[in-house]
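Working notes, beginning with the structure itself.
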Amino acid sequence: MQINDSDHRFIEGSFYTLKSAEVGGEPAQRLPEVVETVSAMLSEIEANGMDAVLAYSRKLDDSHERDIEVQARDLERAGGALSPELREALAAGADRTRAFALAQKDHLVDFEKELLPGVVVGQRYTPVPRVGAYLPAGRFPILASAFMTVGVAKAAGVPSVIACTPPTNDPIGGNPAVLYAAHLAGADRAFALGGVQALAAMAFGLLGDRPADMLIGAGNAYVTEAKRQLFGRTGMDLLAGPSEVAVIADDTASPEVVAADLLGQAEHGPQSPASLVTTSDSFGRAVIAAIERQLETLSTRDIAGPAWRDYGTVYVAEGREAAVELMDVLAPEHLEIQTADDSYYHDNLSNYGSIFLGPWSTVAYSDKGVSGTNHVLPTGGGARSSAGLSVSRFLRPLTYQRVEREATPDVARHVEVISTYEGMEAHRVTATMRLERHLS
């Protein structure tokens with residue numbers, strides 16, 4: 001997420017770079033060894049079923065459980081191992097994410113329209129039948145992932161949502177907070193199963209249900225590659241890379257707050273880009289200095305520090321128009337606006353996954369689910385062409401048409417002409433036959 005030489009011709013306003021990324025280009029997403037390993041695993045699991053799934057679980061996750069399903073009563077009881085404060089926070093996140101998803105659903109309406117006499121067309125929204133959600137639980141178990149995936153799918157009306165999360169030594173089989181979040185989100189079934197083997201088991205229908213029609217949820221490079229290779233056989237949300245954040249700020253903002261927000265996403269991983277676009281040279285330098293100070297005491301500086309060094313950027317734009325041009329080229333996953341004229345930027349920016357307006361907004365509010373919007377968003381410039389996960393992704397806009405006898409002359413004659421030009425005789429006959437029947 002940086003301005004490359006080839007991008008300059010698309011930016012009319014002037015700008016300069018105050019801090020460049022030490023690593024050029026996009027982070028590598030597909031190492032050959034990852035592709036080969038995932039391909040071999042998927043082939044073996046497809047051929048040998050649950051025996052291969054359990055063998056990989058024993059090998060990769062040190063799991064020796066034959067019964068990998070977490071029973072519904074244990075999902076609910078998982079909350080007993082958590083503090084009251086954490087249970088309250090998780091409940092708030094689940095409720096607010098569901099409320100926002102339901103509000104989105106309310107604005108997706110079925111309709112029917114008569115285009116011309118006797119030709120009625122329409123659309124109705126129908127949920128995907130089966131969804132498989134992967135809930136990561138590595139160094140940082142992202143607890144809100146269940147709300148964003150399982151919860152939103154259930155809000156859309158998906159009948160069957162199963163969740164998989166890596167096994168742990170906990171008596172219930174997995175991370176209790178992740179499993180309790182899955183319970184709050186409404187998961188129909190949950191399994192202590194991680195990695196490629198979890199994606200394969202859901203996609204191949206090895207968990208006591210038919211194959212998942214859609215796979216959702218983030219994971220490491222192997223999980224992402226498994227989703228890529230399974231795409232086509234099953235649907236998916238998106239192929240997300242390292243988390244990204246960008247900020248547009250001027251000298252009315254706090255350098256300390258902006259620095260903290262940039263580091264807040266750099267903390268996700270050593271390849272997570274963070275970018276500042278500012279209209280003030282002195283403000284940009286103040287943010288850089290604030291980041292260096294904050295890294296000195298940040299407990300995750302071994303992650304955030306390399307991310308900022310290798311992928312962090314600061315650009316100084318000549319004005320707000322140039323700042324908009326720069327940011328639309330960057331097309332970040334998360335975009336914060338902290339300026340004297342936030343409305344201008346909101347009205348004029350178009351390429352971002354989700355936007356956070358004003359100094360009182362921060363990406364972490366969405367990341368943890370407590371502000372309601374979804375944190376499954378496009379990365380790597382994907383925001384130029386697509387949006388993040390929402391309730392609409394689980395609802396298929398199925399179209400229909402109903403043509404009455406009286407509309408046949410109008411419709412059939414046009415189809416005859418077009419089909420004849422194309423040389424598609426069988427298409428022409430379907431129209432001609434109806435026209436002849438209408439005239440008889």
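The values are calculated or read from the model by the stated rules, or taken from the named source; none is laboratory data. Fair warning: this is a prediction, and the values are worked out from it, not measured in the lab. Every residue, glycine among them, receives a Cβ derived from its backbone with ideal geometry; neighbour counts consider all protein chains shown.
The figures follow:
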quantity	calculated
Qualifying residue in the range 421-431 (condition: crowded, with 18+ Cβ neighbours inside 10 Å and among the polar types (S, T, N, Q))	no
Residues of the range 106-157 classified as within 22 Å of His183 (Cα to Cα) and not β-branched (Val, Ile, Thr), total	25
Listing of helices (runs of 4 or more DSSP H) fully contained in the range 205-299 that carry 2 or more residues being in the same structural domain as Met148 (by TED's automatic domain parsing) and more than 25 Å from Gly157 (Cβ to Cβ)	221-230
Qualifying position, being β-branched (Val, Ile, Thr), in contact (Cβ under 8 Å) with a residue 24 or more places away in the chain, under 21 Å from Gly235 (Cα atoms) and out of contact with any Pro (no Cβ under 9 Å at 6 or more places or on another chain), among Thr399, Thr379, Thr362	Thr399
Number of the condition not met by Asp74 [criteria: (1) part of a helix (DSSP H, G or I); (2) among the acidic types (Asp, Glu); (3) buried (at least 16 other Cβ atoms within 10 Å of the Cβ); (4) modelled with pLDDT under 90]	(4)
Some residue of the range 105-119 being surrounded by 13 or more Cβ atoms within 10 Å (Cβ to Cβ) and either free of Cβ contacts under 8 Å to residues at least 12 places away in the same chain or in a helix (DSSP H, G or I) (or both)	yes
Cβ-Cβ under 6 Å pairs, at least 6 apart or on other chains, the range 57-79 side closer than 15 Å to Asn175 by Cα, far side assigned to a helix (DSSP H, G or I) and of a type in the set (Gly, Ala, Ser)	Ser63/Ser57
Test: residue in the range 338-349 that is closer than 23 Å to Ala103 by Cα, surrounded by 18 or more Cβ atoms within 10 Å (Cβ to Cβ) and of a type in the set (Ser, Thr, Tyr)	no
Residue satisfying all of: in the range 95-104; closer than 25 Å to Val178 by Cβ and not hydroxyl-bearing (Ser, Thr, Tyr); surrounded by the most Cβ atoms within 10 Å (Cβ to Cβ) among these	Ala101
The range 191-223, subset under 14 Å from Ser145 (Cβ atoms) and among the β-branched types (Val, Ile, Thr), residue modelled with the lowest pLDDT	Val223
Of all residues making up the range 226-238, the number that are free of Cβ contacts under 8 Å to residues at least 60 places away in the same chain and aliphatic (A, V, I, L, M)	1
Matching residues in the range 300-314 - criterion: being in contact (Cβ under 8 Å) with a residue 60 or more places away in the chain, part of a helix (DSSP H, G or I) and over 23 Å from the mean Cα position of the chain (by Cα)	Arg309, Asp310
Condition check for Ala323: farther than 29 Å from Leu102 by Cβ, surrounded by 23 or more Cβ atoms within 10 Å (Cβ to Cβ) and of a type in the set (Gly, Ala, Ser)	yes
Any hit, the range 384-405, residues being buried (at least 17 other Cβ atoms within 10 Å of the Cβ), under 18 Å from Met1 (Cβ atoms) and either charged (D, E, K, R) or not assigned by TED's automatic domain parsing to the domain that holds Val161 (or both)	yes
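Yes or no, residue by residue, for (1) crowded, with 24+ Cβ neighbours inside 10 Å; (2) closer than 30 Å to Tyr315 by Cβ; (3) touching a residue at least 60 places away in the same chain (Cβ under 8 Å):
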position: Gly173; (1), (2), (3): yes, no, yes
position: Ala187; (1), (2), (3): yes, no, yes
position: Ala201; (1), (2), (3): yes, no, yes
position: Gly205; (1), (2), (3): no, no, no
position: Ala221; (1), (2), (3): no, yes, yes
position: Pro242; (1), (2), (3): no, yes, yes
position: Ile248; (1), (2), (3): yes, yes, yes
